Amino acid sequence: MSTFRILAEVPGTEARLGELVTPHGVVRTPAFVAVATRGTVKALAVEDLEAVGVEVLIANTYHLALRPGAEAIGALGGLHGFTGWQGPWFTDSGGFQVFSLGAGKVHGVGKIAPIFPGAAPIRPMGESLVRLTEDGVRFRSVIDGSWIFFSPEEVIRLERLLGADVILPLDECTSPFHDEGYTREAMERTHRWAERALRAFEETRGMGPNPDQALWGIVQGGAYEDLRRASAQAIASMGFPGFAIGGSLGRSKEDMHRVLEWTVAELPRDRPRHLLGIGAVEDILVAVSLGVDTFDCAAPTRLARNGALLAFSEEGFRLNIKGARFRRDDRPVEEGCGCPACRSYSRAFLHHLFRSGELSYYRLATVHNLRFMVRLMARVRAALAGGTVPSPDRLLTSLS
């Protein structure tokens, strides 16, 4: 079973420095959880992750259930045996797929469109591929279009086979465009599913390759204060050893900040809090100040593949390596980074690799962006240990 220890707190804020101790290693918090949706971080090997200092990964139960199948992974020792990554694993339940294949497509909000619709035009993406009932969710497979069914109990069975250290129950995410009435219905359904997941978790104790898993609860409620507070109270009352904050965080980043304040205020102080799907530098800093301990987000690796490299030395913490201004730039992406891309290659060469479509670009860029996230969280922890929450400006001048 995982345990959480608070090592230091910053006066006047909810920020804290801690350690999440899992059966497969210690995660120093606040921490970034690298996204390995199908059991791997795109373009990278386990050795790359270890070399840049990544401590923990999160995989997606929905995608792994489709291919290669949880039974196959379980027979090979779970995610640890199957993938070769021996550090801590999280698994998401597939609840986000309820959203992204359902309301996300209808409302035009999700991984493709911005999760904060105030930030960009919204374009609906099509009809829902989800059929949701009290029993669970039917999905259209993204592989062959066949229907598959997830119930809270089935998700626990699958996650037992995957063997991650921290697992999440099936929940229903809501869209920023859902009204308060529907958001309440979805929240209450998520609570009922959480109770069913807890029973299934107890009934399957000892099953699978990792008998010491921890099941964390998920808080929903959209951007409505009374619902967020009610959901946090309800999920906290069920006795989960940790919590994830999911669902719609509103239509702007200001909404998100308020949602986090309301939620954290109702959660037990001594248990870890994970924020699902948020990974921008400024958002992480605000969330840390509000008491969030861990974060997962695919953005750093997705940005890398699309030519955006993260750097403390750049305005907005990123540079667009596809830009013509880098054709003859002999500098590394960032001095002092130490990743393979910065140790051996220039911006000009990475620009060339990207523009030429060379596969080696994807590895080098992804390694660099994950190294940036590792360095970012190390700077955050150093600031917390010194009694402050860092601002973006402070991060630019702090030591690596």
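The values are calculated or read from the model by the stated rules, or taken from the named source; none is laboratory data. This one's a predicted model, so the numbers in the text were calculated from it and none came from an experiment. Using ideal geometry, Cβ is built from the backbone for each residue, glycine included, and neighbour counts are taken over all protein chains shown.
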Every residue from the stretch 153-185 that is free of Cβ contacts under 8 Å to residues at least 60 places away in the same chain and more than 23 Å from Pro68 (Cβ to Cβ) | Asp179, Glu180, Gly181, Tyr182, Arg184, Glu185
Taking the stretch 190-214 on its own, how many of its residues are within 28 Å of Leu132 (Cα to Cα), part of a loop (DSSP other than H, G, I, E, B) and within 22 Å of the chain's Cα centre (by Cα)?
-> 1
Among the residues of the stretch 325-343, which ones are small (Gly, Ala, Ser) and closer than 17 Å to Ala43 by Cβ?
-> Ala341
Restrict the check to the stretch 284-301 and report whether at least one residue is farther than 30 Å from Glu225 by Cβ and not aliphatic (A, V, I, L, M).
-> yes
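Applying the selection to the stretch 246-275, what residues are among the aliphatic types (A, V, I, L, M) and part of a strand (DSSP E or B)? It would help to see each step written out before you state the result.
Narrowing the stretch 246-275 to residues among the aliphatic types (A, V, I, L, M): 249, 256, 259-260, 264-265, 267, 275.
Leu275, the sole residue that qualifies.
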Glu334 versus (1) of a type outside the set (S, T, N, Q); (2) touching a residue at least 60 places away in the same chain (Cβ under 8 Å); (3) more than 29 Å from Pro11 (Cβ to Cβ): which is the lone unmet condition?
-> (2)
Evaluate the following for Glu153: is it touching a helix residue (DSSP H, G or I) at 6+ places or on another chain (Cβ under 7 Å), of a type in the set (Asp, Glu), in the same structural domain as Arg271 (by TED's automatic domain parsing) and assigned to a helix (DSSP H, G or I)?
-> yes
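Given the residues Gly246, Gly239, Gly222, which is the only one that is crowded, with 21+ Cβ neighbours inside 10 Å, closer than 23 Å to Trp89 by Cα and assigned by TED's automatic domain parsing to the domain that holds Asp92? So that I can check it myself, show each step before the final result.
Values: Gly239 fails: crowded, with 21+ Cβ neighbours inside 10 Å; Gly222 fails: closer than 23 Å to Trp89 by Cα.
Only one candidate qualifies: Gly246.
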Among the residues of the stretch 61-103, write down those that are at pLDDT below 95 and polar (S, T, N, Q).
-> Ser93, Gln97, Ser100
Unmet requirement for Phe139, which otherwise passes all of (1) part of a strand (DSSP E or B); (2) at pLDDT 85 or above | (2)
Here the residues within the stretch 142-160 that are surrounded by fewer than 24 Cβ atoms within 10 Å (Cβ to Cβ) and farther than 22 Å from Gly277 by Cα are Ile143, Asp144, Gly145, Ser146, Trp147, Ile148, Phe149, Ser151, Glu153, Glu154, Arg157
Here are some conditions: (1) crowded, with 20+ Cβ neighbours inside 10 Å; (2) in contact with a His (Cβ under 7 Å, 6 or more places away or on another chain). Gln213 meets all but one. Which one does it not meet?
-> (2)
Might you let me know whether the stretch 221-242 holds any residue that is out of contact with any helix residue (DSSP H, G or I) (no Cβ under 8 Å at 6 or more places or on another chain) and basic (Lys, Arg)?
-> no
Could you please find all residues in the stretch 178-225 being under 25 Å from Ile58 (Cα atoms) and basic (Lys, Arg)?
-> Arg189, Arg192, Arg196, Arg199, Arg205
